[in-house]
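Asks: Quick one: the structure is below, questions incoming.
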Amino acid sequence: MSTLRGRLIAGLLALLLVACAAVGLVSYLALHGALFNQIDQQLTSASQRYAHCEEGGPQDGQDTDNGGVGPPGQHPPPCNPGEILGLSPGTFTAMIKNGQVTDSAVTLGHCQLTSADNAVLTALPVDGPPANRTLSSLGPYRLAATASGNGATLITGLPLTSVNNTLRDVAITEIIVFAAALLLTGVLGTGFVRLSLRPLRRVAATRVTELPLASGEVTLPDRVPDADPRTEVGQVGSAFNRMLGHVEAALARRAASESRLRRFAADASHELRTPLAAIRGYAELARRNPGPVPEDIAHALARVESESARMSVLVDELLLLAQLDAGRPLAKEPVDVTRLAIDTTSDARAASPGHHWTLELPDEPVLVEGDEHRLHQVLANLMSNAAKHTPAGTTVTVAVAMAEDPPTVRVSVTDTGPGIPDDLQPALFERFVRGDSARSNGGASTGLGLAIVQAVTVAHGGTVSVTSQPGHTSFVITLPRLASVPASA
């Protein structure tokens, strides 16, 4: 789609083109009418002179008694069409009798008609309006046919070469002038439109468009400087500034609400640790009673221990997410990703011996800078998910690869299970999202494992992605690679 600047310039040029075409057409038609009106007047005068000459009357400047020649009382000499006084050079005269051209001449010129010319002359309407015809031996002419008193038809014509040349020169001049005007208007109009739209470019260049609002940024310091309500651009700028004010207020309210929720989650998780530890302790103490414990009481105590342990895990995960949301820094030390992959895969093989676990590692250690415990938790969560949500016999492959530009580490956990439904994949890394309904459920899930994977990975400056289809599900973690290893590592 074209820009507003392009549309304005195109519209300006289109309007100017229409105006130039209208002016050019009107001026050309006016000049055309004036020239042909003038030549028609000259043609009428020439026709009258020719008719007067053929009817035997004296020409202008001749004596009425002897035609200006010979003694008085004699008749005037016979009419010579090529020498009629008062006719301009190039005037064509001809006489038609009984359908045949009997006489033709050109004033101060040579006339030799062809059969085609004779046909053109005999076809002219008698006493009709003048007509434009082309005679093969003479060129374009304006011709008029009038009836004489002796039954003949007299044809008079004036050449149109000069008129046509004038009209052609005018048309060419108009085209050149209007083309230059269009070109000049295009250049000047482009500059004028760019200057007029400069405030809009300042609106588009406002730094607020670059702020990461999704990250929780609530301060919008920049405003559009052009906010004069008397101009269209000012009205846009004023509306944009009002919108920025509303967005800033909404972001502030959202940030305050999220901050309260994070504090509540962190405080609640921290406070729940103590009673959960007490519950687990008292349950273990009751199970150590030296006396006989009824079977139903023993089962109830075992369930109390199991659920309190699961709730402790949930509390720990909520507390970790709250800390990551608050931007609490993680440890930064060199971590060998290959060793981490070996350890977590070994733990997963021991926990799920029914799956086939394979490793694909480079020959040398691959180091990243980060928190080893949290990165271990990320890989453990991914492998635990692969084991829980796929049936026994599924092959799970853990691969570590390096990239050079930029230097990164790519860790993937791929299984050959049934896959993840397409509608679940966009929300897979959100909190409390479970895939148990789609994949085989091998145990209870808090729905926070993948949320922790994403939060820890992002905290390390990396990314995580997933691709899934039946028979192939792959989680890929990309982390910045440590180029050089400190001597203390």
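The values are calculated or read from the model by the stated rules, or taken from the named source; none is laboratory data. Treat the numbers as computed from the prediction; the structure is a model and nothing was measured. Positions of Cβ are generated from backbone atoms using ideal geometry, with glycine treated the same way; all protein chains shown enter the neighbour counts. Protein only, heavy atoms only, side chains kept; ligands, DNA and RNA dropped before computing areas. Shrake-Rupley method; radii C 1.70, N 1.55, O 1.52, S 1.80 Å.
Asks: If you take the residues in the range 91-115 that are within 17 Å of A145 (Cα to Cα) and out of contact with any helix residue (DSSP H, G or I) (no Cβ under 8 Å at 6 or more places or on another chain), which one is surrounded by the fewest Cβ atoms within 10 Å (Cβ to Cβ)?
Replies: Restricting to residues being within 17 Å of A145 (Cα to Cα) and out of contact with any helix residue (DSSP H, G or I) (no Cβ under 8 Å at 6 or more places or on another chain), the top hit is N98.
Asks: If you don't mind, there's one more thing I want to ask. Scanning for something farther than 30 Å from T416 by Cβ, basic (K, R) and not in a helix (DSSP H, G or I), does the range 294-311 turn up at least one residue? Write out each step before concluding.
Replies: Let us first name the residues in the range 294-311 that are farther than 30 Å from T416 by Cβ, namely 294-309, 311.
Going one step further and asking which of them are basic (K, R), we end up with 303.
So of that shortlist, the ones also not in a helix (DSSP H, G or I) come out as none.
Taking every residue of the range 294-311 in turn, none turns out to be farther than 30 Å from T416 by Cβ, basic (K, R) and not in a helix (DSSP H, G or I).
Asks: A further question follows. Within the range 321-341, which residues are in contact with a strand residue (DSSP E or B) (Cβ under 7 Å, 6 or more places away or on another chain) and aliphatic (A, V, I, L, M)?
Replies: Residues satisfying the conditions are L330, V335, V337, A341.
Asks: Taking the residues in the range 116-144 that are in contact (Cβ under 8 Å) with a residue 40 or more places away in the chain and over 17 Å from Q42 (Cα atoms) as candidates, determine which candidate is least open to solvent (accessible area, probe 1.4 Å).
Replies: Of the residues in the range 116-144, the ones in contact (Cβ under 8 Å) with a residue 40 or more places away in the chain are 130, 135, 138, 141-144.
Then keep just the ones that are over 17 Å from Q42 (Cα atoms); that gives 135, 138.
Numbers: L135: 1, L138: 44 Å².
Ranking the candidates gives L135 first.
Asks: Okay, next question. Name the residues in the range 347-356 that are closer than 14 Å to V413 by Cα and open to solvent by less than 60 Å² (accessible area, probe 1.4 Å), would you?
Replies: Those that are closer than 14 Å to V413 by Cα and open to solvent by less than 60 Å² (accessible area, probe 1.4 Å): A348, H355.
Asks: Under 60 Å from the mean Cα position of the chain (by Cα) and either closer than 30 Å to R168 by Cα or at pLDDT 85 or above (or both): does that describe Q112?
Replies: No, not satisfied.
Asks: For L17, indicate whether it is touching a residue at least 40 places away in the same chain (Cβ under 8 Å) and closer than 30 Å to T156 by Cβ. Full working, then the answer.
Replies: Details: touching a residue at least 40 places away in the same chain (Cβ under 8 Å): yes; closer than 30 Å to T156 by Cβ: no.
So L17 does not fit the description; no.
Asks: Here's something else I'd like to know. How many residues does the range 363-396 hold that are at pLDDT 90 or above, touching a strand residue (DSSP E or B) at 6+ places or on another chain (Cβ under 8 Å) and farther than 23 Å from Q454 by Cβ?
Replies: Of the residues in the range 363-396, 3 are at pLDDT 90 or above, touching a strand residue (DSSP E or B) at 6+ places or on another chain (Cβ under 8 Å) and farther than 23 Å from Q454 by Cβ.
Asks: Let me ask another. Does E248 satisfy the criteria of being open to solvent by less than 70 Å² (accessible area, probe 1.4 Å) and either touching a Cys at 6+ places or on another chain (Cβ under 9 Å) or among the acidic types (D, E) (or both)? First the steps, then the outcome.
Replies: Working: open to solvent by less than 70 Å² (accessible area, probe 1.4 Å): yes; either touching a Cys at 6+ places or on another chain (Cβ under 9 Å) or among the acidic types (D, E) (or both): yes.
For E248, the condition - open to solvent by less than 70 Å² (accessible area, probe 1.4 Å) and either touching a Cys at 6+ places or on another chain (Cβ under 9 Å) or among the acidic types (D, E) (or both) - is met.
Asks: Same structure, new question: Being small (G, A, S), touching a helix residue (DSSP H, G or I) at 6+ places or on another chain (Cβ under 7 Å) and open to solvent by 40 Å² or more (accessible area, probe 1.4 Å) is the filter here, so list the residues in the range 287-326 that pass it.
Replies: A326
Asks: Determine whether E54 is of a type in the set (D, E), open to solvent by 90 Å² or more (accessible area, probe 1.4 Å), on the phi < 0 side of the Ramachandran plot and at pLDDT below 90. Give the steps one after another, and end with the answer.
Replies: Numbers: of a type in the set (D, E): yes; open to solvent by 90 Å² or more (accessible area, probe 1.4 Å): no; on the phi < 0 side of the Ramachandran plot: yes; at pLDDT below 90: yes.
Answer is no for this residue.
Asks: Of everything in the range 139-174, what is charged (D, E, K, R) and either within 52 Å of the chain's Cα centre (by Cα) or more than 24 Å from A116 (Cα to Cα) (or both)? Give them in sequence order. Can you show your working first?
Replies: Start the filter on the range 139-174 by keeping residues that are charged (D, E, K, R), which leaves 142, 168-169, 174.
Those that are charged (D, E, K, R) and either within 52 Å of the chain's Cα centre (by Cα) or more than 24 Å from A116 (Cα to Cα) (or both): R168, D169, E174.
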